[in-house]
Amino acid sequence: MASATVAALMVNTGTPEAARSGAVRHFLRRFLSDPRVIELPRVLWLPLLYGLILPLRAPRSARKYREIWREEGSPLLLNTSRLREALARELGNARAGVRVEQAFLYSPPFVAQALDAVRTAGIRRLIVLPLYPQSSGSTTGAVYDQVAGGLRAWRAMPELRVIASYFGEPEYIDALASSVREHWSTHGRNGHLLMSFHGIPQSYVVRGDRYAEQCRTTAAQLAAALELQPQDWSLSFQSRFGANRWLTPATDLTLGELPRRGLRAVTVICPGFAADCLETLEEIALRGREIFLSAGGERFDYVGALNGRTDHARALAHLILRCTSDWV
C-alpha cells in the first residue's frame, strides 16, 4: 500500500473544548441535536432541548467535567490522541503505509475537517474506524452519516470501507482481559467483576439495533477469557438520559444492590469505551464508587479504558490490515 493514498480515520464522540458551562453547552447542543442520538420529532425535541435541557444540564455537566479535567485538557481528547499515536506506530511497524487521522462527531477535529485533510493529502483509499466496539445506530450510525456528508465535497471519490464493529474480535477481547489481569496483579483481585456498557433506549433495540446483543457477547467472551464463573461477574448499562425505558440492569442501581447481596468488593470495567472520558472517569470511577461504598460496599476498583495501550493499538491495527489486505 502506498503511504500517499491510504488513510485510516478513527472517529469518537467528542468532548467540550473547556470545562466551562458555555463550552459544554456548545458540545451538548451539537450532540443532542443529532437525530441519531435522540430519535424524536424535531418539532417536539428542539424546543425542549433549547428551552429546558441545555440551560439546566450544561452547568451541571461543566461541574462534572471540572472534576476530571487534566492540566493538558480533555481526558477524551488526550486519550484518543495517544491511541492515534500508538496505532500509527503499530501500522508503521507493519510497514502498512497507512496514514492515521482522528476525528470527533461533535467537537474539533470534526469528521469533515479530517476528511478535508486526507483529501488534500491525496488519499485515494479510506478506511473508517468508529471507536465503538459494539455498534449502535446512535453512535456508529452517526459516523456513517457524517462521513457520507463530508464526502459530498469530494469530486474524486475514494475507495471507502468502514469497520462497523469489533465486539467479538479476539485481539480486542485479549486486550480487555490483559488490562483486568494487570489490574488484579497490581491491586489484588477482589470479589466481583461488573462490566458496564453505555446504555441506549429500549425502543432502539425493538426497532432493530443490535447493540445490546453485541454488549452481551463481549461480556461473555471477556468472562470466558478470564475464566470467570457465572457468579463472579455481571453486566449492566449506564448513562440513562430522559424518561424513556433504557437497557437494564442499570449500573447505578446494580452498584447499590451488590452490597445487599453480600458482595462487598467490586471491580468495574467499561468495555464499550475505547478511551476514558466523562462517562468512565466521573460517572463510574467517582460517582459509582460513592454509590457502592454508601450502600455498604468496602472496596471499589475501576479498570481504566484501553486508551493508548500497545495491545489495544495492535488489535485495531490488525482490524485495519485485515480489511485492507487486498489494497496493494
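The values are calculated or read from the model by the stated rules, or taken from the named source; none is laboratory data. Keep in mind the model is a prediction, meaning the values are calculated, not measured. Positions of Cβ are backbone-derived with ideal geometry, glycine not excepted, and every protein chain shown enters the neighbour counts. Side chains included, ligands, DNA and RNA excluded: accessible areas come from the protein's heavy atoms. Shrake-Rupley method; radii C 1.70, N 1.55, O 1.52, S 1.80 Å.
Side notes on the structure shown:
- Among the conditions (1) open to solvent by 10 Å² or more (accessible area, probe 1.4 Å); (2) in a loop (DSSP other than H, G, I, E, B), Tyr166 misses just one, which is (1).
- Set Ser107, Ser136: member being open to solvent by less than 10 Å² (accessible area, probe 1.4 Å), assigned to a loop (DSSP other than H, G, I, E, B) and closer than 19 Å to Glu17 by Cβ: Ser107
- Flag for Gln229 being of a type in the set (S, T, N, Q) and open to solvent by 60 Å² or more (accessible area, probe 1.4 Å): yes
- Residue match in region 2-22 (condition: more than 27 Å from Leu151 (Cα to Cα), at pLDDT 95 or above and within 20 Å of the chain's Cα centre (by Cα)): yes
- Single residue of Tyr106, Tyr65 found to be among the aromatic types (Phe, Trp, Tyr), touching an Asp or Glu at 6+ places or on another chain (Cβ under 9 Å), within 24 Å of Tyr144 (Cα to Cα) and in contact (Cβ under 8 Å) with a residue 40 or more places away in the chain: Tyr106
- Region 287-325, residues that are in contact with a His (Cβ under 7 Å, 6 or more places away or on another chain) and either among the hydrophobic types (A, V, I, L, M, F, W, C) or without any contact (Cβ under 8 Å) to a residue 60 or more places away in the chain (or both): Val303, Leu306
- Between Gly308, Gly272, the distinction of being within 13 Å of Ser236 (Cβ to Cβ), open to solvent by 10 Å² or more (accessible area, probe 1.4 Å) and not in a helix (DSSP H, G or I) belongs to Gly272 only.
- Residues satisfying the stated conditions in region 311-326, i.e. open to solvent by less than 70 Å² (accessible area, probe 1.4 Å) and in a helix (DSSP H, G or I): Asp311, His312, Ala313, Ala315, Leu316, Ala317, Leu319, Ile320, Leu321, Cys323
- Total residues in region 9-67, condition assigned to a loop (DSSP other than H, G, I, E, B), open to solvent by less than 20 Å² (accessible area, probe 1.4 Å) and of a type in the set (S, T, N, Q): 1
- Here the condition is being crowded, with 19+ Cβ neighbours inside 10 Å and over 17 Å from the mean Cα position of the chain (by Cα); of Arg119, Arg125, it holds for Arg119 alone.
- Per the conditions (1) of a type in the set (Asp, Glu); (2) more than 24 Å from Gly296 (Cα to Cα); (3) touching a helix residue (DSSP H, G or I) at 6+ places or on another chain (Cβ under 7 Å), the sole criterion not satisfied by Glu213 is (3).
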